[in-house]
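Right, one structure below, let's go through it.
Nothing in this text is a laboratory measurement; each read-out follows from the coordinates by a stated rule. The structure presented is a predicted model; accordingly, all values stated were derived computationally and were not measured. Glycine also receives a Cβ, built like all others from the backbone with ideal geometry; neighbour counts cover every protein chain displayed.
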Amino acid sequence: MTKPATARVDQLLSSMGYGSRKDMARMAKAGGISLDGGDLLDVSQRIAITPDLPRRMQIDGAALDPVAGLVILLHKPLGMTCSHKEQGPLVYDILPDRWRRRDPAISTIGRLDKQTSGLLLLTDDGALLHRVISPKRHVKKTYRAKLDRPLSGQEAALFAAGELLLEGEDKPLAPAKLEVISDTEALLHVTEGRYHQVRRMFAATGNHVVSLHREALGGLALPETLAPGQWKLLDAEEIASIFL
Ligand code: URA
């Protein structure tokens, strides 16, 4: 069995966004850090990073955040941008403030437009991020699109053919599956993540998307119980379901 990695307590907590190393020393002195039910006073001590650490360590009375491999499922509301830098409301504003200071940083797995709602994943796990967005994996994304005009009836065949060229591009889109819900509403399953892809696909048919919502990513669906702006951490089984 390989030994778990260890880290200095102050370095670990600082990399998790709880504050500077000095802040951690101050917090410990004030009794704000506990381990196995007792005060942890010496933040220069090394600690084994084991999966049960969030159950054993408390910061200001609350369980320690997961140390690494954080995967967050957010019900992205309309009007928020998937960016660390842009002006205006950002999806990161929804998460605990300290999570912006984590190292490695938390990033969105792919992006949704400002005016798209639905399932958005965020993680500090770079390898997972690449696995989900890699074109080789063909992870299916399911979108519910509401349209300005009635469907013509030609769209499903056009999207399924794998020959549709989006404006300004020279590589056709991979085949995508359309499920018609009504004259002006459809589910679209795509395996790529090109810029404004769904809106541009319908634009190529002379239509216009008036609302767009992502319902699922691979085998992982947005839970109905999660309202816009709410989020939850995913467990290993839920993460695996992305690739089903
Ligand atoms: N396609 C779009 O056009 N927008 C999104 O946000 C996602 C897919």
Worksheet, complete the sentence: Length gained, VAL180-SER241, 0.36 nm per residue minus C-alpha separation, equals 19.4 nm
Worksheet item: Under 13 Å Cα-Cα from LYS85, which aspartates and glutamates qualify once same-chain neighbours fewer than 8 residues away are excluded?
Response: ASP93
Worksheet item: Which FRET efficiency value, to the nearest 0.05, do you get for ARG55 and THR191 by plugging their Cβ-Cβ distance into 1/(1 + (r/R0)^6) with R0 = 41 Å?
Response: 0.60
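Taking 0.36 nm per residue of separation and subtracting the Cα-Cα distance, what length does fully extending ASP36 through GLU167 add? Each step should come with its number before you reach the end.
On the way: separation 131, 0.36 × 131 = 47.16 nm, distance 5.96 nm.
Length gained, ASP36 through GLU167: 41.2 nm.
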Item to complete: Rounded to the nearest 500, what is the 222 nm mean residue ellipticity of the chain from helices alone, with -39500 (n - 2.57) per DSSP H run of 4+ residues and division by all residues?
Response: -4500 deg cm²/dmol
Practice prompt. First measure r as the distance between the Cβ atoms of ALA127 and ALA63, then evaluate 1/(1 + (r/R0)^6) with R0 = 25 Å and state the FRET efficiency to the nearest 0.05.
Written response: 0.45
Worksheet item: What are the aspartates and glutamates whose alpha-carbon lies under 16 Å from the alpha-carbon of LYS136, with same-chain residues fewer than 8 places away excluded?
Response: GLU192
Worksheet item: Hey, in the GNM for the chain with a 10 angstrom Cα cutoff, which one of GLY219, GLY206, GLY118 fluctuates hardest?
Response: GLY206
Worksheet entry | Choice from ASP103, ASP170, ASP125 showing the highest fluctuation, given a GNM over the chain with Cα pairs closer than 10 Å | ASP170
Item to complete: Kindly write out, for region 16-27 in residue order, the coupling ³J(HN,Hα) from the Karplus curve 6.51 cos²θ - 1.76 cosθ + 1.60 (θ = phi - 60°), rounded to whole Hz, with x marking Gly and Pro.
Response: 8, x, 6, x, 6, 5, 5, 4, 5, 5, 5, 4
Practice prompt. Treat every Asp and Glu Cβ in the chain as -1 and every Lys and Arg Cβ as +1, leave all other atoms uncharged, and give the resulting dipole magnitude about the Cα centre to the nearest 20 debye.
Written response: 560
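Once R0 is set to 41 Å, what does the formula 1/(1 + (r/R0)^6) return for the Cβ-Cβ distance between ARG46 and HIS138, expressed as a FRET efficiency to the nearest 0.05?
On the way: r = 43 Å, r/R0 = 1.05.
Step by step, r from the Cβ atoms, then E = 0.45.
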Discussion item. Only Cα pairs within less than 10 Å get springs; with that Gaussian network setup on the chain, which residue of LEU188, LEU129, LEU40 has the largest fluctuation?
Written reply: LEU40
Worksheet item: Taking a label point 7 Å from the Cα of ALA156 along the Cα→Cβ vector, which residues of region 210-226 have an amide N closer than 15 Å to it?
Response: none
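Over the chain, what is the mean sequence separation of C-alpha contacts under 8 Å (at least six apart), divided by residue count, expressed as relative contact order in percent? Spell out each step's value before the answer.
On the way: 443 pairs, mean separation 46.0, N = 244.
Value for the chain: 19 percent.
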